[in-house]
1. Let me confirm one metric for peptide B:142-154, namely the mean number of other chain beta-carbon atoms within 10 Å of its residues' beta-carbons.
2. Straight-line reach from C:LYS173: which lysines fall under 24 Å, measuring Cα to Cα and dropping same-chain residues less than 8 apart?
3. Which of the three applies to chain C, rounded, prolate or oblate, going by the alpha-carbon gyration tensor with a ≥ b ≥ c and a/c under 1.5 meaning rounded?
4. In the protein assembly as shown, what % of DSSP beta bridges are antiparallel (nearest 5)?
5. Quick one: buried accessible area between C and B, total over both chains, 1.4 angstrom probe, nearest 100 Å²?
6. Just tell me which aspartates and glutamates come within less than 17 Å, Cα to Cα, of A:LYS74; anything on the same chain fewer than 8 places away is out.
7. By per-residue mean of other Cβ atoms within 10 Å, what is the highest-first order of C:203-212, A:119-128, B:154-163?
8. Where nothing but the Cβ of Lys and Arg (+1) and of Asp and Glu (-1) is charged, how large is the charge dipole of the range C:25-185 around its Cα centre, in debye to the nearest 20?
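The values are calculated or read from the model by the stated rules, or taken from the named source; none is laboratory data. In this text, all values refer to a predicted model and were calculated from it rather than measured experimentally. So basically every Cβ, Gly included, is an ideal-geometry build from the backbone, and we count neighbours across all protein chains shown. Ligands, DNA and RNA are stripped out before the accessible areas are found, and what is left, the full protein with its side chains, is counted by its heavy atoms. Shrake-Rupley method; radii C 1.70, N 1.55, O 1.52, S 1.80 Å.
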Amino acid sequence: MIEIDSINKWYGDFQVLKNCSLRVEKGEVVVVCGPSGSGKSTLIKCVNGLEPVDSGRITVNGMVVTDPSTRLPKVRAQIGMVFQHFELFPHKTALENLMLTQIKVLRRSRHEAERKAHQLLERVGLADQADKYPNALSGGQQQRVAIARALAMDPVAMLFDEPTSALDPEMISEVLDVMVELAREGMTMIVVTHEMGFARKVAQRVVFMDGGMIQEIAPTPVFFESPSSERAKLFLSKILSH
Amino acid sequence: MRFDYQVIIDALPFLLDGLLLSFYLTAIAMVGGLALGTLLALMRTSGKLPLVWFAKLYVNFFRSLPLILVIFWFYFLVPLAIGRPVGSLYSALIAFTLFEAAYYSEIMRAGLNSVSRGQINAGLALGLTWRQNMQYVALPQAIRAMLPVLVTQAIILFQDTSLVYVVALRDFMTASSIVAVREGRLIELYLFAAVVYFIICFAGSMFVRSLQRRMVR
Amino acid sequence: MNYNWNWGILFQEPYFGWLLSGLLWTVLVASAAWVIAFLLGILIGILRTVENRWLRFIATAYVELFRNVPLLLQLFIWYFVVPELLPQEVGRWVKRDLPNPEYWSAVICLGTYTAARVAEQVRSGINSLSRDLVNAGLSLGMTPAQNYLSVRLPIAFRIVVPPLTSEFLTIFKNSSLALTIGVLELTAQSRQIENYTFQGFEAFTAATILYLIITMIVVLIMTVVDRRVRIPGFLEGRHR
């Protein structure tokens, strides 16, 4: 479904991604973790072409993202993305946030878009918040709307960029619950997160990144039992110690 | 039509005198405006109602008026108040100082507001008086934050000094215009003046940008 | 201080009429210039944020050029120099047949000058949106143009309404420069009354009060606009 083949990326003199490769199968859930600044966020933004790569090749569902002649909007419409700070459109209500690109990009009718939007808000448990503006919602609610917004485009895969790290602790589980449900329904997902509980529960594999390199790709149980790289061990001991 | 360089070269000493007057006006108005503006900003943030109201009224009053009108006001008022003609330089300086003070006070206020409540509280918690807190904690931080805006305002002020044209003070703008009309060479003189102003002001705004870049770090 | 007060003079003809016509010209210059400033300023502000380097360069050059030359000098250039540099036919038409050439020079000058300032506000409004908010629109499959129209501009516009109020006020104040090329706007008329009657106090007071009223009306209008376009809950928490 998603193939990342030895990509490299520089910011000026600084190399953010070093020869990264990863294959994600249809229906698979992969968690990407690693210390801050390790390039994990940049990596998933390359998958839908938000960050251009300097070399290497990425394909999603048969479309070559890294080919300059590929129409990126068309690719992106099929890949959902969820951001750290939700990034709902502040000038639109929750419902309108779900409707906007269904109408503009997928050319669905207003009626159809609205029906779909209501259905998805219901699914993430926010049917009663449809007419509120994002700033009137809590962080957890905003993130659930953002997930619903991405789902409204009927994506073939979903990318999550630290979806819970901007949330107050008591709101994290409401977002993770939605994501777990999504994973169990068979959505292909790449999730950048430090929520190791979530990884244990639904991820088939864990990717550990450090210094712009993929240090380790391991099946989830293996990663937690006996990570092969020293850095992964160190990282795990730091984040699991309390 | 030929571009006549000679007329500019011949007029250079006269134009240079004008440029010096422009700088002089800018410098005096900046120092005066900054001093008065700081005072107004301190009044505005003092929390004492009559002072707050006075500062608010002053700033909003001057910010509602065109600079030219203010220049005319003082050109007319100053000799009347003193009882004899004093020349347009002094009335222009007074007009600029009082006018600019309104703008500098807003810059100062924004700068003071940029110092976080936590910093102010920290100073007070350490036992500083209001005055000491302003002097040692708030103002130094505020001035650092304001530096780019202050330079930008100086560039605007430098351009604004060209308005003394309306009271026939011979700044760079007026000097250029005098030569332009006298020699019948409007195109040459006005374009030359524009280039000179542009170089000075553009250099100023590049300086502002480098200040901002240094502050980000 | 020796001064003979005569407030009644303001309400005598022709002086009362002078003030009214001055006020009218101030409004005419400022509002026509604002139309140019607003439209051109938005266009240039957008161009300053696009990907294309050349478009960005042109927009930046425009802003720097108009920001770094005094407005008065720009006015003289529009009025005295530009007609000479136009193709002969056009230049002749401008000089001979265009009615009120000083009015149009003032309007174009103020409009193009203020456009540079409006452009800076628009640019900083667009750029104040976070990188990921822009990414959010793109990640949903919008083209960059759609993302501008549906997301970036509507939000940026709501952010720049307050700073635009101050630009709108500035254009009224700056319209007074038009007196140097012979537009008899408000400041010019008050000066003229002073010259004719030596009642400077009364004349300048009248002009001052009229400018204060203009300011209040503009602030009132923009407050209504601001309230109309405000995003509930948005902006209130920003910049703090």
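1. Other-chain Cβ atoms within 10 Å of each residue's Cβ, averaged: 0.
2. Those lysines meeting the cut-off are B:LYS56.
3. It is oblate, given that a/c is not under 1.5 and a/b is not larger than b/c.
4. 55
5. 3200
6. Counting by Cα, and skipping residues close in sequence, A:LYS74 has these aspartates and glutamates nearby: A:GLU51, A:ASP154.
7. B:154-163, C:203-212, A:119-128
8. 340
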